[in-house]
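See below for the structure under consideration.
The values are calculated or read from the model by the stated rules, or taken from the named source; none is laboratory data. Nothing here was measured: the structure is a model prediction, and the numbers come from that model. Please note: Cβ atoms are built from the backbone with ideal geometry, for glycine as well, and neighbour counts cover all protein chains shown. Note: accessible area is taken over every heavy atom of the protein model, side chains too, but ligands, DNA and RNA are not part of it. Shrake-Rupley method; radii C 1.70, N 1.55, O 1.52, S 1.80 Å.
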Amino acid sequence: MTATVTLHPSGHQFTVEPDETILEAALRSGININYYCSNGSCGECKARVMEGELAEIQHHDYVLSAAEKRGNTVLLCRARAQDDMLLEASEAGTTADIPVQKITTQVTLIENPQQDVTVITLRTPRSQTLRFLAGQHVCLAIPDLLPRNKSIASCPCNGRFLQIHQRRVPGDAFSEHLFSQLKTRDRVDIEGPFGGFIMDESSTRPMILLAYDTGFSAIKSLIEHAISLDIPQPVALYWVMPFKKEHYLENYCRSWKDALDDFSYTPICALATDSPSPEAMAENALLQAVAQVTADYSDLHEIDLYVNGPQAVLDVARNWLVRHGLPEKQLFVDHIRRF
């Protein structure tokens, strides 16, 4: 029987199916509950049962103290719900609540939706699931290469599988390695998460997301998190690509219309510029997308806008938006140093 769990003191609620643990259900529902290993070894997901009954407590290596047992403390990664429950549990409210972690991952999948775009899936060990908030990034370390910051494109609902997007950049050693040498089962060290490009979960305003090229990866994580939360407000994605580039996950974006009640997707192909420089093309592309947003939303006070793009041109977009009436507190910019 499906049970409803309420968390104290946040008041967050989520449903738990008979075949999943309470932790699995919380993460599936977009709840940023504290945990680490997810297999009963570390004790980070401890919670106190205030009301309700547990169906089953699976074996775990972590040893609860006698006082914790008397206080009805359980590990959420090993417990299933019998009926509706009230639990006292700690949750991450800000990025400061998420510790920086160092994990050795393994490449499990390499896909090329386009000839010059690769999508890589990294798997963490069972004992070291990565905790992160949607929109954050990690630093990847590969032997003989300089480390590289990359946005996590996947949802925090499953921190064991992390998706990374990379466009091929001729002459860039990191990019060339991912396209020509990286193989499944290769090891990749990661450190993170970093960054404050995260969702304002307290807002009820329409959520507008503007992505540039493979910067779509962080935006994808935010949208998948919004789906986990089943947010009621409208969600609109504007994905702009450089001149003559195609949107490499077009069909996936359109599938979100089935997952969200009020979702719209606007693909934008940037117009050609007189200057061949990547910076000029990026600035033109972002301003074209920003102009489309301001045309679609006459009152920018009524929206939250999440923007991702090359750092060199983000200030241009920010100035444009603020001049057109978007409050700065409702503008979320992905500040990530892209080496």
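Remarks
To keep it simple, each residue is scored yes or no on (1) farther than 30 Å from Pro193 by Cα; (2) open to solvent by 20 Å² or more (accessible area, probe 1.4 Å); (3) under 25 Å from the mean Cα position of the chain (by Cα); (4) at pLDDT 85 or above.
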position	(1), (2), (3), (4)
Ala291	yes, yes, no, yes
Ile303	no, no, yes, yes
Asp315	no, yes, yes, no
Val322	no, yes, no, yes
His335	no, yes, yes, no
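- Selection of first residues in segment 229-253 that are farther than 22 Å from Pro156 by Cα and of second residues that are part of a loop (DSSP other than H, G, I, E, B) and of a type in the set (Phe, Trp, Tyr), restricted to Cβ pairs under 9 Å at least 6 apart or on distinct chains, gives the following pairs, ordered by first then second residue: Met241/Tyr248.
- Criterion (surrounded by fewer than 16 Cβ atoms within 10 Å (Cβ to Cβ) and under 26 Å from His12 (Cβ atoms)) met by exactly one of Pro147, Pro156, Pro99: Pro99
- Qualifying residue in segment 195-216 (condition: closer than 29 Å to Asp262 by Cβ, open to solvent by 60 Å² or more (accessible area, probe 1.4 Å), in a loop (DSSP other than H, G, I, E, B) and hydroxyl-bearing (Ser, Thr, Tyr)): yes
- Strands (runs of 3 or more DSSP E) lying entirely in segment 1-85 (those with 2 or more residues that are open to solvent by 40 Å² or more (accessible area, probe 1.4 Å) and in contact (Cβ under 8 Å) with a residue 60 or more places away in the chain): 3-8
- A single member of Pro143, Pro99 is free of Cβ contacts under 8 Å to residues at least 40 places away in the same chain, in a loop (DSSP other than H, G, I, E, B) and closer than 22 Å to Glu201 by Cα, and it is Pro99.
- Residue check, Arg185 over 22 Å from Lys245 (Cα atoms) and basic (Lys, Arg): yes
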